Amino acid sequence: MKEWSWYTRVGLALLLIITSLVVAAPAAAQDGESPRSVRLITPYLGVAAEPGDTTSLTLDVAGPPGEVVDLEVTGVPEGWDAHIRGGGFVVDRVMVDEATDLDLRLEIDVPPTAAEGTYELGVVAQGSSSTDRLDVALLVAQAVGGGVSLNAEFPALRGPSDVEFSFSLELLNETGEELQFGLQAQGPDGWLISAGPAGQSRASSVTVDASGSQRVSVDVDPPDFTPTGVYPVLVQAAGGGETVSAELLVEITGNFAVALTTPDERLNFDVVAGDSTEVPLLVVNQGTAPLTEVTLSGTPPRGWDVSFSPQSIDRIEPGGSAEVTAVVTPSSDAIAGDYRITMQAGVAETTDSVEMRVTVETSALWGLIGVGVILVALAGLGLVFRRFGRR
């Protein structure tokens, strides 16, 4: 075989390069460039709805930038209403732009009298260069599911009445349209209760996307002296013709408050050095929970002794009280004057203390001894004057 000349080889190589570029050009245009024809896109081609419902489907229109596209819904049954909404308006014409999100939705209102069955609707997009059609199958049936629900993560909380309870709920919208809900919460009289979107303490309404959910926070603040018991709190969300509710429970375990005082509210008393003195005290339960195993203690000056009778109290009901006797014994060499003693009553949850002023008086025996000394001295002086007064 005769070998090809050098010119022939170069020509064949150039021909192969040109052919490769021609074949690769359309693929490159499809990868990075805008589409050359109008296209309608939706992730939902078959949906279900109940009679009387409104179904909403997302739509996306693609095409050459600047293309004006006319939109039309076809195959709508008599008595039904179907339209395309975008930006809060009902639209039938759009301009395709790469920098703009059209956010289009196909809304279909199914009348309450609609018969059960499958209905075929179409959306037509007509541009100057091309046309595209999207077919949607809508199944109408009773009880197809969906709806709105309100559920609490933890529907029951417990604690003392002087704390605030916070509940977290999920508001679920399983319908095909965006809904706005007003939030309300009710509880016992005198309770402070608020309900709003999570992170928005001042808001009283929440918007939930179609097939979406939102967190709802409910804060419950009972009065500080609420008696122990279980109290219901009702939360409601109403919107779009739907009303859902959730019942929450707050279990009040009571709060703990103890007060230590005297029956006559006097906080001072007198003692005699070396002698024991009984001081009546009163332990009062000012909380809403029972006080159990109440202990008493005192902090006297050095060398003094303080004891209680009884040393502890088994139980004090809310609003009740118990009498206790404190026995105070100052040291025998205590100097006359005023002293301070701290008395304390407490339980595991809380304590209370009171400071009392104690006045120490010397014993009456020393007074008698002093009088005796004076009498002896006077008698001695009398004898001296009698004896030496005769000389």
Would you kindly state how much longer the chain becomes between ASP270 and LEU282 on full extension, computed as 0.36 nm times their sequence separation minus their alpha carbon distance, in nm to one decimal? 2.5 nm
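Can you figure out the FRET efficiency of ARG36 with VAL76, using R₀ = 25 Å and their beta-carbon distance, to the nearest 0.05?
Plugging the Cβ-Cβ distance into 1/(1 + (r/R0)^6) gives 0.25.
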To the nearest 10 square angstrom, how much accessible area does PHE225 have with a 1.4 angstrom probe? 130
At 10 °C in a medium of viscosity 1.306 mPa s, the stretch 142-186 has a Stokes-Einstein diffusion coefficient, with Rh taken as the Kirkwood radius over alpha carbon pairs, in µm² per second, of 119
Mean accessible area per residue over the stretch 228-304 (1.4 angstrom probe, all protein chains present, square angstrom) is 48
Keeping all protein chains in place and using 1.4 angstrom, which order do MET95, MET356 fall into by accessible surface area, from largest down? MET95, MET356
Ordering of 275-282, 56-63 by burial proxy (mean other Cβ atoms within 10 Å per residue, highest first): 56-63, 275-282
How much of the accessible area of the stretch 159-205, in percent, comes from carbon and sulfur atoms when a 1.4 Å probe is used? 39
Quick one: Cα convex hull volume of the stretch 78-121, Å³ per residue? 101
By how many nm would the segment from GLU242 to SER130 grow when fully extended, if each residue of separation counts as 0.36 nm and the alpha-carbon distance is taken off? 36.1 nm
Percent of alpha carbon pairs in the stretch 69-161 separated by more than 20 Å? 55
Convex hull volume of the stretch 246-378 per residue (C-alpha atoms, cubic angstrom): 109
How do GLU361, GLU349 stack up against each other in accessible area, from largest to smallest, with a 1.4 angstrom probe? GLU349, GLU361
Given the protein chains as shown and a 1.4 Å probe, how many square angstrom of SER129 are accessible, to the nearest 10? 70
Taking only the alpha-carbon atoms of the stretch 161-203, what semi-axes of the equivalent ellipsoid follow from 5 times the gyration tensor eigenvalues under a square root, in whole Å, largest first? 26, 11, 10
Which percent of Cα-Cα pairs in the stretch 118-236 sits in each 10 Å bin, short to long? 11, 31, 22, 15, 11, 6, 3, 1
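Per 0.36 nm of contour for each residue apart, how much would the distance between LEU234 and ILE374 grow if the chain were fully extended, relative to their Cα-Cα spacing?
Between LEU234 and ILE374, full extension yields an extra 41.7 nm.
Distances over 21 Å make up what percent of all Cα-Cα pairs in the stretch 206-272?
Value for the stretch 206-272: 57 percent of Cα pairs lie more than 21 Å apart.
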Under 5 Å between amide hydrogens, which residues at least 5 positions from GLU178 or on another chain qualify, with H placed 1.01 Å from N in the peptide plane? ALA210
If I take R0 = 35 Å and measure r between the Cβ atoms of VAL354 and PHE154 in this structure, what FRET efficiency does the formula 1/(1 + (r/R0)^6) give, to the nearest 0.05? 0.25
Taking loop as defined by DSSP and a crowding limit of 14 other beta carbons within 10 Å, which GluC sites (Glu not before Pro) in the stretch 75-145 fit? GLU78, GLU98, GLU116
Check SER130: other-chain or 5+ apart residues with amide H under 5 Å from its amide H, H built from backbone geometry? VAL38
Using the Karplus curve 6.51 cos²θ - 1.76 cosθ + 1.60 with θ = phi - 60°, work out ³J(HN,Hα) for each residue of the stretch 38-51 in order, rounded to whole Hz, and write x for Gly and Pro. 6, 9, 9, 9, 8, x, 10, 9, x, 9, 10, 8, 9, x
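The values are calculated or read from the model by the stated rules, or taken from the named source; none is laboratory data. Keep in mind that this is a model prediction, so the values were computed, not measured. Every residue, glycine among them, receives a Cβ derived from its backbone with ideal geometry; neighbour counts consider all protein chains shown. In case anyone asks, the SASA skips ligands and DNA or RNA and just uses the protein heavy atoms, side chains included. Shrake-Rupley method; radii C 1.70, N 1.55, O 1.52, S 1.80 Å.
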